[in-house]
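Trainee: Supplied in structure tokens, the structure appears directly below.
The values are calculated or read from the model by the stated rules, or taken from the named source; none is laboratory data. Since the model is a prediction, treat every value here as computed from it, not as a measurement. When we count neighbours, we look across all protein chains shown, and the Cβ atoms used for this are built from the backbone with ideal geometry, even at glycine.
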Amino acid sequence: MPSAEFEAIAQEVFRHQVEANAAYGAYCRSLGRLPGAVEDWRGIPQVPATAFKRLDLFSGLPGDGAGGPPRRPEAVFETSGTRDGAQMRGRHPVASLELYRSASMPWFRRNLIPEDAPLPILALLPSPAAVPSSSLSRMAGYAMEGWGAPGSRFLSDPVSGVDHAGVRDALERVEGEDRPALLIGTAFAWVHWLEWAEERGHRFRLPSGSRLMETGGFKGRSREVPRGELYRRLEEGLGIPQGRMVNEYGMTELMSQMYESVLSSDGAPPPGRRIHRAPPWLGIQVLDPETLQPRSVGEVGVLAFLDLANVGSVSAVLTEDLGHLDSRGGLHLQGRVPGAEPRGCSLALEGILGAQS
Amino acid sequence: MNTPGVDPAAIKATLARLSETRSGLRARSAREIADALGRVGERLGDPEDGLAREAAAAVTRESGLSPEMTGRVVRGMARDWTRERLRELLAREFADPAVLDGFVDDPRGGRRLHVVGDPVAVHIGSGSVPGVSATSMVRSLMVKTPVLIKPGSGDRALTEAFHRGLEEVAPELAASAAVRYWPASDRASLEAALAAAARVVVYGSDSVAREIRALVPAHLPVVVYHHRLSVAVVGAGVCAAGDGPTMLDALARAACTFDQRGCVSPHRVFLLGIGPDRAREIGEALAEAMEREARVAPVGERPGAAVAGLQQRRAEARMRAAVDPAVGVWSSPDASWTVVLDPESGGAAEGHLRTLTLVPVADRRALFERLRPLSAHLQSVGVAGVEDPQALSEGLADLGVTRIVPLEELPFPPAWWMHDGAGPLRALSRWVEWTP
């Protein structure tokens, strides 16, 4: 998308959100940054991702509700709540699920199914029917509707999280066929699966061309495995080369996602040196964590996004994640550093409240 | 990274060597030990002393505190390591400190009493508050227990400096203490240390305390100083008395000392019986005090990820302030300090980043209700300008608070403070009664 077009749409979306969302409108007014006074999309006030926990950030689509019934979100996507407990889950109201499909699928296809041909899709996730508030499950569901060959399925278990035996059986079927498959799961689910499979000596050699999407990290989880080690073990256990493992970087608060473009490039660098690419409708800024002023290319800072697909909520979102941009717009993700905060003998309230929940 | 040469075998050997020094340690009088330790403390408290200068430079490098804050912290800690303060500690803990040197008559008659330490103790520190482990070493030696100190990763420099000073002042006494560092991931070294200890003292999070308790045999005494939280309570008197700015400067100083990492650092400030307009005025005045404090003792280094989290909380508070006139936010242009006025504050995360949240409460009852969910971790409460401080203190005591002090005394408790509810020397010793 040309930058002028992105800028024009961003301003239009900004105007709509200031008018339609009382909290966001008041916030922009309090900052003195309103439509017409902001010349560049980078100046549009960002809401912190944490605001999705406590504030109603539904804006609806432009023109919605005019003369009709009151607008309501078609769905509400919720964060996993691992960090602050279930009662503090972030809630992203989605004005249109069709818009979510339109925002998520083209970039998914480009980065995970560049050949645009059907293939079996195995998702170590609950189905969207089981967990309608999971944006990831929705996305996997759309992928199955678009490209899922027979045998595509969700493989979750309400107790253990992953339907281990179901995954094993499905992988055996895929292994016996001559068609590559796409596997989707969170890093945490993959670790669970690997532990189960390794304990029982299950190893697979999936057909050439198979690929794996991993996402989610380990935020707030008790077990963490370095990504390099996870990929090595996945390669050993599934027979999928590390160069065909793709990290998706997304968040419930954004309708759009970023991917490592390893499937469309020759040879993938090892995990940790890969680059995420954003779709053209997702703007990225890197800001100085201390001042929130823009940082130059190559400088690490806190990431902020302007997602035009968030038109029904708030598009400008400030995250806690760190990274830097290269001169070609590639995002080098650093993520959060667990335990990075200086530790004292004072317990952060978060710790107390987390423990009590 | 471990102290060079530290491994399970070396730790075992060190503990064996420390145990051998016990008889020599017991032969010294408690007063003599306190004086030797006090001479080291006095050197560290003298900014012109080479040991103090060396320690300050090392602490700054290690802790991430600014040089100005390091100076305040080292001076503040050393204030309570002097001969005068340690003698006072002995006197406050034991009516007759000679009870540490042998049996003395119970003043009420009928028996003789003696306080004894242990053959050898292991003190496990964690975190990055300078001075915690040096204080722990002082306490153990004062009850005549040889001690292996494992400081927190950010508390090595001052502990090692104290021990170096002790080697110069009283080498025989220094031989009863050893400072060794190993990271939390080195389970073998931890287990080797715990296996040979007669008493274990743990500073750290609830999970660290739980883990260490599980590794220690049931018969062994374990003293746990788990993570704590401190708050302030400010009443309407802080304004009426005309001493508002002074009190708020003390509050800002208490919050910023240790860059808010201390268990004595306040995070929330309850405005008792103060209306919305006055609460906002206090917020503005406190913001000015935080800025003054930032100029006197600038904030130290913080990882970008921690500051990014702070920016989330700031921005969220600003959004809420835009729609709720009861909410206010004041902050530095950079991330040095933040003051939030938020009557609904409850679930928001707050870190160690010079952030104070003002919470207006109608009365004591409402205050106690707000504090109750935190009671298991409450420690110090700084108080200023409240009516009926007696009733407030009794209510706080019921909630689990162990220290109630004026705001200016929050950051540096005296050597004899009731650390988490118990005398610091009595917690490390046992009484023996002898009825002749």
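Trainee: Go through the range B:116-168 and give me each residue that's buried (at least 24 other Cβ atoms within 10 Å of the Cβ), β-branched (V, I, T) and away from every other protein chain (no Cβ under 14 Å).
Mentor: B:V120, B:V122, B:V138, B:V143, B:T145, B:V147, B:I149, B:T159
Trainee: Do we have any residue at all in the range B:233-253 that's within 14 Å of chain A (Cβ to nearest Cβ) and among the small types (G, A, S)? Spell out how you get there, then give the answer.
Mentor: Our first condition is that a residue be within 14 Å of chain A (Cβ to nearest Cβ); within the range B:233-253, this holds for none.
The answer is no; no qualifying residue exists.
Trainee: Given the conditions (1) over 13 Å from B:A384 (Cβ atoms); (2) touching a helix residue (DSSP H, G or I) at 6+ places or on another chain (Cβ under 6 Å); (3) touching a residue at least 24 places away in the same chain (Cβ under 8 Å), which single one is not true for B:Y225?
Mentor: Looking at each condition in turn, B:Y225 falls short on (2).
Trainee: The conditions are (1) more than 12 Å from chain A (Cβ to nearest Cβ); (2) without any contact (Cβ under 8 Å) to a residue 24 or more places away in the chain; (3) part of a helix (DSSP H, G or I), and B:E408 fails exactly one of them. Which is it?
Mentor: (2)
Trainee: So, one more: From B:R302, B:R213, which residue is assigned to a loop (DSSP other than H, G, I, E, B) and modelled with pLDDT under 95?
Mentor: Working: B:R213 fails: assigned to a loop (DSSP other than H, G, I, E, B).
Answer to the check: B:R302.
Trainee: Are any residues in the range B:349-369 away from every other protein chain (no Cβ under 12 Å), touching a residue at least 12 places away in the same chain (Cβ under 8 Å), out of contact with any strand residue (DSSP E or B) (no Cβ under 6 Å at 6 or more places or on another chain) and not aromatic (F, W, Y), and if so, which ones?
Mentor: B:A362, B:D363, B:R364
Trainee: If you take just the helices (runs of 4 or more DSSP H) that sit entirely in the range A:121-229, which of them hold at least 1 residues that are within 19 Å of the chain's Cα centre (by Cα) and without any contact (Cβ under 8 Å) to a residue 24 or more places away in the chain? I'd like the intermediate steps shown before the answer.
Mentor: Numbers: elements: A:135-147, A:164-176, A:187-200.
Ranges flagged: A:135-147.
Trainee: Also, quick follow-up: Out of the range B:301-329, which residues are under 22 Å from B:R261 (Cβ atoms) and either in contact (Cβ under 8 Å) with a residue 12 or more places away in the chain or touching a helix residue (DSSP H, G or I) at 6+ places or on another chain (Cβ under 6 Å) (or both)?
Mentor: Residues of the range B:301-329 that are under 22 Å from B:R261 (Cβ atoms), as a first pass: B:301-314, B:317.
Selection gives B:E301, B:R302, B:A306, B:V307, B:G309, B:L310, B:Q311, B:R313, B:R314, B:A317.
Trainee: So how many residues does the range B:305-336 have that are in a loop (DSSP other than H, G, I, E, B) and out of contact with any strand residue (DSSP E or B) (no Cβ under 8 Å at 6 or more places or on another chain)?
Mentor: Quick first cut of the range B:305-336, residues in a loop (DSSP other than H, G, I, E, B) only: B:324-327, B:332-336.
This time we only want the ones that are out of contact with any strand residue (DSSP E or B) (no Cβ under 8 Å at 6 or more places or on another chain), so: B:324-325, B:333-336.
Within the range B:305-336, residues that are in a loop (DSSP other than H, G, I, E, B) and out of contact with any strand residue (DSSP E or B) (no Cβ under 8 Å at 6 or more places or on another chain) number 6.
Trainee: Here's something else I'd like to know. Looking at B:A56, is it within 26 Å of B:T257 (Cβ to Cβ), among the small types (G, A, S) and either modelled with pLDDT of 95 or more or buried (at least 18 other Cβ atoms within 10 Å of the Cβ) (or both)? Walk me through it before giving the result.
Mentor: Working: within 26 Å of B:T257 (Cβ to Cβ): yes; among the small types (G, A, S): yes; either modelled with pLDDT of 95 or more or buried (at least 18 other Cβ atoms within 10 Å of the Cβ) (or both): yes.
Here the answer is yes, as B:A56 does meet what is asked.
Trainee: Being modelled with pLDDT of 90 or more, more than 25 Å from A:H276 (Cβ to Cβ) and buried (at least 17 other Cβ atoms within 10 Å of the Cβ) narrows it down to one of A:P62, A:P150, A:P120, so name that one. Spell out how you get there, then give the answer.
Mentor: On the way: A:P62 fails: buried (at least 17 other Cβ atoms within 10 Å of the Cβ); A:P150 fails: buried (at least 17 other Cβ atoms within 10 Å of the Cβ).
Unique residue meeting the criteria: A:P120.
Trainee: Failed condition for A:A316, given (1) at pLDDT below 95; (2) more than 7 Å from chain B (Cβ to nearest Cβ), with all others met?
Mentor: Failing condition for A:A316: (1).
Trainee: Residues that are away from every other protein chain (no Cβ under 14 Å) and surrounded by fewer than 20 Cβ atoms within 10 Å (Cβ to Cβ): does the range B:196-208 have at least one?
Mentor: Step one: list which residues in the range B:196-208 are away from every other protein chain (no Cβ under 14 Å), which gives B:196-200.
Next cut, surrounded by fewer than 20 Cβ atoms within 10 Å (Cβ to Cβ) only: B:196, B:198.
Looking through the range B:196-208, at least one residue is away from every other protein chain (no Cβ under 14 Å) and surrounded by fewer than 20 Cβ atoms within 10 Å (Cβ to Cβ).
Trainee: Let me ask another. Which number in (1) closer than 30 Å to B:R199 by Cα; (2) in a helix (DSSP H, G or I); (3) among the hydrophobic types (A, V, I, L, M, F, W, C); (4) more than 9 Å from chain A (Cβ to nearest Cβ) marks the one condition that B:F258 misses?
Mentor: So B:F258 meets the others, but not (4).
Trainee: Of the residues A:T252, A:T319, which is within 19 Å of the chain's Cα centre (by Cα), closer than 23 Å to A:Y100 by Cβ, assigned to a strand (DSSP E or B) and touching a residue at least 40 places away in the same chain (Cβ under 8 Å)? If you could, list the steps in order and put the result at the bottom.
Mentor: Working: A:T252 fails: assigned to a strand (DSSP E or B).
Matching residue, one of A:T252, A:T319: A:T319.
Trainee: For the range B:306-329, check the following and say yes or no: at least one residue is over 30 Å from A:G25 (Cβ atoms) and basic (K, R). Don't jump to the end; show me each part of the working.
Mentor: Step one: list which residues in the range B:306-329 are over 30 Å from A:G25 (Cβ atoms), which gives B:306.
Imposing the further condition that a residue be basic (K, R) reduces the set to none.
So far as the range B:306-329 goes, no, none of its residues is over 30 Å from A:G25 (Cβ atoms) and basic (K, R).
Trainee: Answer with yes or no whether B:A294 is more than 9 Å from chain A (Cβ to nearest Cβ), more than 30 Å from the chain's Cα centre (by Cα) and either aliphatic (A, V, I, L, M) or crowded, with 23+ Cβ neighbours inside 10 Å (or both).
Mentor: On the way: more than 9 Å from chain A (Cβ to nearest Cβ): yes; more than 30 Å from the chain's Cα centre (by Cα): no; either aliphatic (A, V, I, L, M) or crowded, with 23+ Cβ neighbours inside 10 Å (or both): yes.
Here the answer is no, as B:A294 does not meet what is asked.
Trainee: Give the range A:16-47 a look and list any residue that's more than 16 Å from A:I284 (Cβ to Cβ), more than 14 Å from chain B (Cβ to nearest Cβ) and surrounded by 15 or more Cβ atoms within 10 Å (Cβ to Cβ), or say none.
Mentor: Of everything in the range A:16-47, those that are more than 16 Å from A:I284 (Cβ to Cβ), more than 14 Å from chain B (Cβ to nearest Cβ) and surrounded by 15 or more Cβ atoms within 10 Å (Cβ to Cβ) turn out to be A:H16, A:A20, A:P35, A:V38.
Trainee: Related question: Test B:D96 against the criterion of being surrounded by fewer than 16 Cβ atoms within 10 Å (Cβ to Cβ) and under 21 Å from B:A422 (Cβ atoms), and give yes or no.
Mentor: Working: surrounded by fewer than 16 Cβ atoms within 10 Å (Cβ to Cβ): yes; under 21 Å from B:A422 (Cβ atoms): yes.
It is true that B:D96 is surrounded by fewer than 16 Cβ atoms within 10 Å (Cβ to Cβ) and under 21 Å from B:A422 (Cβ atoms).
Trainee: Going through B:P8, B:P107, B:P97 one at a time, which residue ends up being touching a residue at least 40 places away in the same chain (Cβ under 8 Å), farther than 22 Å from B:A297 by Cα and over 25 Å from the mean Cα position of the chain (by Cα)? Walk me through how you get there before you give the answer.
Mentor: Working: B:P107 fails: touching a residue at least 40 places away in the same chain (Cβ under 8 Å); B:P97 fails: over 25 Å from the mean Cα position of the chain (by Cα).
Result of the check over B:P8, B:P107, B:P97: B:P8.
Trainee: If I go through the range B:389-403 residue by residue, how many of them are buried (at least 17 other Cβ atoms within 10 Å of the Cβ) and not in a helix (DSSP H, G or I)?
Mentor: Number of matching residues: 3.
Trainee: Moving on to the next point. Is it true that some residue in the range B:61-72 is under 24 Å from B:R156 (Cα atoms) and of a type in the set (A, V, I, L, M, F, W, C)? Break it down stepwise before answering.
Mentor: Taking the range B:61-72 first, the residues under 24 Å from B:R156 (Cα atoms) are B:61-72.
From what is left, the residues that are of a type in the set (A, V, I, L, M, F, W, C) are B:65, B:69.
Checking the range B:61-72: at least one residue is under 24 Å from B:R156 (Cα atoms) and of a type in the set (A, V, I, L, M, F, W, C).
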